[in-house]
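Report on the following structure.
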Amino acid sequence: MLNESALTFMLSIGHRSGLFDTLRRLNRPLTSLEIADESGLDERYVREWLGAMVTGRVMDYDSTSRSYYLPPEHAEWLTREATPNNLAGIMQFMSIFGKVEDDVLECFKNGGGVPYEKFDRFHEVMAEESFQTVVAALDAHILPLADRLVEDLERGVEAADIGCGRGLALMHMAQRFPDSRFTGYDFSKEAIAWADSEVVKRDLQNIHFEVCDAAQLKDKHRFDVIFVFDAIHDQIDPHAMLVGIHDSLTENGLLLAQDIRTSSDVENNLDHQVAPFLYTISTMHCMTVSLAHGGCGLGTCWGEELALRMFEEAGFTNVAVHALDHDFMNNYYICRRK
Ligand SMILES: C[S@@+](CC[C@H](N)C(=O)[O-])C[C@H]1O[C@@H](n2cnc3c(N)ncnc32)[C@H](O)[C@@H]1O
């Protein structure tokens, strides 16, 4: 456990420093000095990092030539070029969450929570991560889950993304479906400001973003389709959010929600591939950001059983659950208003 958790920091640094990308580009055995020179980094730090990579079996080492090599089959999972299969990016979450350990520990003693604003780089890393699981998979896998959705978007509908973060999924759809109109809501001013500036850069005319609390949606029967990507389980008041979504949909409208795939009962998650990781990110982020505002603290592992109950309590009686091969961590719920 110590070795593997330690490697998450080194993988994160390999990603952020561009070391993995440099190694893939050069694709030959190199000394630590050559790697440092090519990367524009300090050789002593690079050599220590290489020690972790070699002993962690991420890279190969030849002691005669003192050269290090990233095998192409490992580069396939660790470099930006490997997107959407880059696993090094997700490692950044461990250091983001590690930075709030003192605050979370305080909550163990006194209750309460740690608010979103305390998490440095959260929206940047979240957008990078969901670019892989959501944006890169929208066209081939996610949108086709709902019958007629692609045709409707092509024809021109009103669509919203609630808890949209930096809004890359919505921008992708706005670009692909120029006859539809897209609205993104998030309560993070920082994420919405980033989205606004990106919309200008991309010169998109059919999209806009608003700072808005998801529990306070006010547009009755406005949207034909609402997307929620990974943004129910960390809500302050998820019931109010789901009721608001139900009310905001047109009569034939649908909600497409991606959220974590676990059981609601811990005993059923023993064989889940990444359950300890999910309960950890819940404690260090998803649950605590809700409790910070007196929320219900559903937690990352709120699970499919509770999700289906909550959709029904919000008025969605016609719900289909899908799993997609590219994203083993999430369920995709297609919830029709009728
Ligand atoms: C895990 S992130 C997912 C972001 C984005 N959907 C994605 O997939 O990259 C959850 C998002 O929900 C937003 N959020 C949480 N509580 C909210 C609330 N009460 N109202 C609006 N947005 C909220 C957060 O700011 C964050 O951007």
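None of the figures in this text is laboratory data; all of them are computed from the coordinates on show. Keep in mind that this is a model prediction, so the values were computed, not measured. With ideal geometry, Cβ positions are generated from the backbone for all residues, glycine too; neighbour counts draw on all protein chains shown.
To make sure I understand, if each residue's beta carbon is the centre and we count other beta carbons within 10 Å, what order do Leu7, Leu105, Leu168 fall in, fewest to most? Before the final figure, lay out each step's value.
Working: Leu7 19, Leu105 10, Leu168 24.
Going from sparsest to densest Cβ surroundings: Leu105, Leu7, Leu168.
Taking 7 Å along the Cα-to-C-beta vector as the label spot, tell me the Cys296-Leu105 distance in nanometres, rounded to one decimal.
That separation, rounded to one decimal, is 3.2 nm.
Any chance you could list P(r) for the chain, counting all Cα-Cα pairs in 10 angstrom bins from zero, rounded to whole %?
5, 23, 31, 23, 13, 4, 1, 0
Mind giving me the nanometre distance, one decimal, between the label points for Arg28 and Asp60, set 7 Å out from Cα along Cα→Cβ?
Reported label-point gap for Arg28 and Asp60 is 1.5 nm.
Using a Förster radius of 51 Å, what is the FRET efficiency between Glu48 and Arg336 based on their Cβ-Cβ separation? Nearest 0.05, please.
Numbers: r = 55 Å, r/R0 = 1.08.
The formula returns an efficiency of 0.40 here.
When the chain is fully extended, how far beyond the present Cα-Cα distance does Asp213 get from Ala193, taking 0.36 nm per residue of separation? Show your work: numbers first, answer last.
Numbers: separation 20, 0.36 × 20 = 7.20 nm, distance 1.54 nm.
Once the chain is fully extended between Asp213 and Ala193, it gains 5.7 nm.
I want to check a number: in the chain, how many lysine pairs have alpha carbons closer than 20 Å, given a sequence separation of 8 or more or different chains? Before the final figure, lay out each step's value.
Working: Lys99/Lys109; Lys99/Lys118; Lys109/Lys118; Lys118/Lys189; Lys189/Lys201; Lys189/Lys218; Lys220/Lys338.
So the count of such lysine pairs works out to 7.
Kindly state, to the nearest 0.05, the FRET efficiency for Val266 paired with Asn3, given R0 = 25 Å and r defined as their beta-carbon distance.
Numbers: r = 26 Å, r/R0 = 1.04.
Efficiency at R0 = 25 Å is approximately 0.45.
Antiparallel versus total DSSP beta bridges in the chain: what percent is that, nearest 5? Mind showing how you got there, number by number?
On the way: 18 of 37 bridges.
That works out to approximately 50 percent antiparallel.
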